[in-house]
Amino acid sequence: MGNNLKTGLVLIFVLAAIVFAGPLIAPYDPFEVDMSVRLQGISLAHIMGTDQLGRDLFSRLIYATGTSVKISLVVVAASMTIGFIFGSVAAFLGGAVDEFLMRIIDVFMAFPTKIFTIAIAGVLGASAFNITLALIFTSWASYARMVRGCVLTAKQLPFIDASVALGANRRYTIVKHVLPSVFQPLSTFAFQRIAHTMMMIVGLSFIGLGVQPPTPELGAMINESKNFMTTAPHLFVFPGLLISYVVFSFNILDDSLRDYWDPRIKSELVL
């Protein structure tokens with residue numbers, strides 16, 4: 001296992017601990033308001049300071065990371081599932097079905113993703129649930145196109161014809177051998193999209209179309225801090241650093257997995 005892959009797994013493990021063990025790690029209630037300690041800097045009592053309402057920033061960042069990452073995972077998992085179904089059906093059935101499904105996919109991919117997402121989120125209203133729906137609605141088509149291409153390529157491999165020639169049912173061969181071959185590119189693409197989706201969630205929350213206060217969310221926290229950039233810079237510095245950490249973690253894991261699964265590079269990594 002390459003060093004980059006080990007590093008990526010360690011970073012993701014730390015992130016998973018923050019996301020799923022947040023209530024156990026957070027020293028304070030992230031919703032607790034205490035105006036007597038508002039806008040305090042770093043101290044032993046509040047290791048990342050407090051915000052404009054006296055809430056502990058460290059506790060809110062832990063919960064905010066969980067909110068953003070969990071929404072990202074839901075969006076990616078749902079989009080991947082829908083895209084896998086559409087893409088594999090189109091590739092397997094071909095003909096008119098493939099043409100019809102691909103035209104639907106083309107329609108979804110014809111619109112700029114960010115603008116399309118903002119428009120849908122604006123129509124549905126600002127909330128965590130609506131932003132999740134909007135992102136799924138605008139993301140699944142890219143998975144479907146990728147899966148279709150992978151399945152079509154795998155169907156043409158010589159061992160598929162050889163398996164059928166030896167008496168194996170072609171449909172069984174496709175399900176047994178073709179679909180598993182999609183796993184590697186699909187999982188790599190999914191890890192890449194987690195970081196992208198995370199940035200979309202942060203951006204939408206920053207402009208007020210995502211997760212709404214008082215629920216902690218990284219983009220919303222940066223938006224709330226814009227009036228205190230000179231008096232309390234810790235309010236935007238720490239959320240910004242945490243966003244960078246999350247995106248970097250998924251990107252390095254994505255790159256290392258792609259390199260590890262590449263036959264030309266895997267042998268070098270093992271050596």
| said: With a cut-off of 8 Å between alpha carbons and a minimum separation of six or more residues, what is the relative contact order of segment 15-163 in percent? | reply: 23
| remark: With Rg from the Cα atoms and Rh as the Kirkwood inverse mean 1/r over Cα pairs, the chain has an Rg/Rh of 1.07
| request: For segment 22-148, restrict the atom set to alpha-carbon positions and state the Rg and Dmax in Å. | output: 21.2, 69
| said: Just to confirm the number: angle between the C-alpha axis of helix 95-110 and the first principal axis of the chain, 0 to 90 degrees, nearest 10? | reply: 20
| task | Considering Cα pairs under 8 angstrom that are at least six residues apart, work out the relative contact order of the chain and quote it in whole percent. | result | 25
| Could you list, bin by bin from short to long, the percent of Cα-Cα pairs of segment 1-67 in 5 Å steps? | 4, 19, 21, 18, 13, 10, 7, 5, 2, 1, 0
| segment 1-68 - percent relative contact order, Cα under 8 Å, separation 6 or more | 32
| Cβ-derived FRET efficiency at R0 41 Å, ILE115 paired with VAL33, nearest 0.05 | 0.65
| message | If I stretch the segment between SER181 and THR231 completely, what's the gain in nm (0.36 nm per residue apart, minus their alpha carbon distance), one decimal? | response | 12.6 nm
| message | Regarding segment 167-258, what's the average projected area of the Cα-atom convex hull, expressed in nm²? | response | 8.2
| task | For TYR245 and ILE85, calculate 0.36 nm times their separation in residues minus their Cα-Cα distance, and state this gained length in nm to one decimal. | result | 54.4 nm
| Derived scalar couplings ³J(HN,Hα) [segment 226-232; Karplus, 6.51 cos²θ - 1.76 cosθ + 1.60; whole Hz; x for Gly, Pro] | 5, 7, 10, 5, 8, 8, 9
| If you line up the long axis of helix 113-124 against the longest principal axis of the chain, both from Cα atoms, how many degrees apart are they, to the nearest 10? | 60
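Values in this text are rule-based calculations from the coordinates and carry no lab data. Just so it is clear, the structure is predicted and the values come from calculations on it, not from any experiment. FYI the Cβ positions are ideal-geometry reconstructions off the backbone, even for glycines, and counts take in every protein chain you see.
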